[in-house]
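Below is one structure, written out as structure tokens, with a few remarks after it.
Just so it is clear, none of the values below were taken in a lab; they were calculated from the coordinates. Note that the coordinates shown come from a computational prediction; the quantities given were computed from them, not determined experimentally. FYI the Cβ positions are ideal-geometry reconstructions off the backbone, even for glycines, and counts take in every protein chain you see.
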Amino acid sequence: MVDKESVPMKSGDRSTEIPPAVLHGFARFVQSLSHRRALKFGESVGSLLNLVLRSKARITRDNLVLAFPELDNTPELAFLEKRIFRHFGRVGVEFLRFPLMDSEWLRRNVSVEGMEHVFERLQAGKGVLVLSAHFGNWEFAMKRLAIDLPKQIHVVIRRIKDPNVHEFIRGYREKFGGGVSIIQDNGALPILRVLKKNGIVVTVLDQNAGTVEGVFSPFFGRPAATYSSVARIAYHLDIPLLPVFDVALEDGKHRIIIGPPLTTSRHSEQEFIQSLTDRCNETIERMIRLYPEQWIWMHNRWKTKKPDIS
């Protein structure tokens, strides 16, 4: 249910940290470009990272073949890999340009489908627990929805390894992105507090959870260790999950898709958690199949194996 899979830097690793001045300077450069040129620049950065980050490129290809075996040893595999890295280069540039995107720009360039589902959950008075993923530009969804919602949006994150990058992104999100961060290290209590005040909490559920925090749930036909805490909260508060995804469009615009609430039959707690987690993975997978270049394939999603799988 985290925004980034990472752990805090150990003391003594400060030589690998990016200085804040560099981060802010790069952001100012990106903001000096026209929007169209900035997107092209971001795609070029993504292409460069595709060449430099060889381990991430390998994980991307391996994951694509696991999900789409028919792509193995085909030109389409290499083409899709390049599109994925270009897409995430663009995502980074868009995030850095958030200070330039006012409400008028957002309404003109980011459409929203299904906003009525959010207001229905707010009217129910039990909070809005959002299911999302590292898909499209997930930060855009918070920024766009924040201008139309009467409640503050909170997003569950995990600390990034580089503390300077962590603080930079957290600060940008809270100042320009419309979302207040909830650090996952603090457990479920902050999430429960927001929901019990009829607030809005955004979680992402598409990263490897390990065996302690997760349950195994099918994802592209393979067991994937998936965070169970989101479904557990839904069970104890008796609320559904609201799927929200951003889709990046070819013309540089975006579309936010808010689906109908997800829930399942209330049998035992464990059966409920397993069933709802399965529905979450099905929902995320459905979006990825529609737009495969817009998901974070460079993450080792199937890293944790079930005990009976080699």
Check: How much length is gained if the chain between Thr16 and Lys303 is pulled fully straight, taking 0.36 nm per residue apart and subtracting their Cα-Cα distance, in nm to one decimal?
Finding: 100.8 nm
Next item on the list: Go ahead and estimate [θ] at 222 nm for the chain from helices alone: -39,500 (n - 2.57) per DSSP H run with n ≥ 4, summed, over the residue count, rounded to 500.
Entry: -14500 deg cm²/dmol
Check: What does the charge dipole of the chain about its Cα centre add up to, to the nearest 20 debye, if the Cβ of each Lys and Arg holds +1 and the Cβ of each Asp and Glu holds -1?
Finding: 680 debye
Next item on the list: Please give, to one decimal in nm, the separation of the simple spin-label points placed at Arg54 and Val180, each 7 Å out from Cα toward the Cβ.
Entry: 4.7 nm
Checklist line | Residues Trp105, Trp302, Trp297 arranged by fewest to most Cβ contacts within 10 Å | finding: Trp105, Trp302, Trp297
Notebook entry, point to check: Which of these, His154, His35, His267, has the largest mean-square fluctuation under a Gaussian network model of the chain (Cα springs below 10 Å)?
Noted result: His267
Check: Picking from Val215, Val112, Val91, which is most flexible by a Gaussian network model of the chain using Cα springs under 10 Å?
Finding: Val112
Next item on the list: Take every DSSP beta bridge with both residues inside the chain and express the antiparallel ones as a percent of the total, to the nearest 5.
Entry: 40 percent
Notebook entry, point to check: Given Cα pairs under 8 Å that are at least 6 residues apart, what percent is the relative contact order of the chain?
Noted result: 26 percent
Margin query: If I take every Cα pair under 8 Å that is 6 or more residues apart in segment 129-217, average their sequence separation and divide by the length, what percent do I get for the relative contact order?
Written below: 43 percent
Check: Using Cα-only point scatterers and the Debye equation, what is log10 of I(q)/I(0) for segment 69-177 at each q in 0.11, 0.16, 0.18, 0.24 Å⁻¹, rounded to two decimals?
Finding: -0.48, -0.89, -1.04, -1.42
Item checked: Within segment 139-164, backbone nitrogen closer than 18 Å to the virtual label 7 Å beyond the Cα of Glu116 toward Cβ -> 149
Check: Tell me, Kirkwood radius of segment 1-151 from alpha-carbon pair distances, in Å?
Finding: 18.5 Å
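In nm, what is the difference between 0.36 nm times the number of residues separating Lys197 and Glu282 and their Cα-Cα distance?
27.7 nm
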Item checked: Under-5 Å amide H pairs with Val128, H placed in peptide plane, nonlocal only -> Gly199, Ile200, Val201
Note to self: For the chain, set up a GNM with springs between Cα atoms under 10 Å and report which of Phe119, Phe79, Phe219 has the largest fluctuation.
What the structure shows: Phe79
Next item on the list: Any chance you could count the Lys pairs in segment 62-178 whose alpha carbons are under 23 Å apart, treating pairs 8 or more apart or on different chains as valid?
Entry: 6
Next item on the list: Per residue, how big is the convex hull around the C-alpha atoms of segment 19-294? Give it to me in cubic angstrom, could you?
Entry: 134 Å³
Item checked: Estimated inter-spin distance, Leu33 and Glu104, nm [label 7 Å along Cα→Cβ] -> 2.5 nm
Item checked: Cα centroid separation, segment 215-291 to segment 99-120 (Å) -> 22 Å
Notebook entry, point to check: Hey, rough spin-label estimate for Val65 and Gln270, points 7 angstrom out along Cα→Cβ, what's it come to in nanometres?
Noted result: 3.6 nm
Check: Which translational diffusion coefficient, to the nearest whole µm²/s, is obtained for segment 118-265 from the Stokes-Einstein equation, given a Kirkwood hydrodynamic radius over C-alpha pairs, 4 °C and 1.567 mPa s?
Finding: 81 µm²/s
Next item on the list: Rounded to the nearest 0.05, what FRET efficiency do Arg289 and Glu167 give with R0 = 25 Å and r taken as the Cβ-Cβ distance? Could you check?
Entry: 0.10
Check: With point charges of +1 on the Cβ of Lys and Arg and -1 on the Cβ of Asp and Glu, referenced to the Cα centre of the chain, which listed residue (Val130, Ile256, His154) lies farthest in the positive direction of the dipole?
Finding: His154
